[in-house]
Amino acid sequence: MTLLVSTEPPPPGSAIVNACDGSDASLWALDRAMTEAEAHRLPLHVLAVVNPSPTGYPPGMADLVQESVQRLTASMSDGLRRAVATVQAARPRPYAGQLTLHVLLGNVVDVLLRAADGRHTLVLGTRGNGGFTRLLLGSVSTAAVHHAGCPVLVVPAPVEEP
């Protein structure tokens, strides 16, 4: 397995793209994305997307918050590495394909839709770390299903046995 971390979007080409925010749903989706990438013999790009300023910065503030953004990016990179390690440890056979991790800044939906455009498949969980657990699909997965420029695989939670 090749493990690279990048703050750049994935390069063009056929690949499986996965969104991972560290939630249980995203870990289940990451496992499925690994299975899909192996089955289709395609690279796997795992993306963590964070919007450091949902409303934008007032003039002059961008320079002041740059250190915080760098810490946030480093923290997200570490979280992605831990997510991959967690999923790898639970798999019967470790994923051995090409794997790159991407920590990207911006609006989560916009960044994922751009990264997924023209790809083989976008794989994501039903809900991420948002606060509305009563919803069947979260806002990101709903937007992906309706607007992605590639097939979308939404991975549900595993069925709990009684």
Point to revise | Segments 21-31, 69-79 sorted - mean Cβ within 10 Å per residue, highest first | key: 21-31, 69-79
Exercise for review: For an R0 of 45 angstrom, estimate the FRET efficiency from the Cβ-Cβ distance between ARG91 and GLU67 and round to the nearest 0.05.
Suggested key: 0.75
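A short reminder: the numbers here are calculations on the coordinates, not readings from a lab. On a predicted model such as this, the values are computed, not experimentally measured, just so you know. All Cβ positions, even for glycine, are placed from backbone atoms using ideal geometry, and neighbour counts span all protein chains on display.
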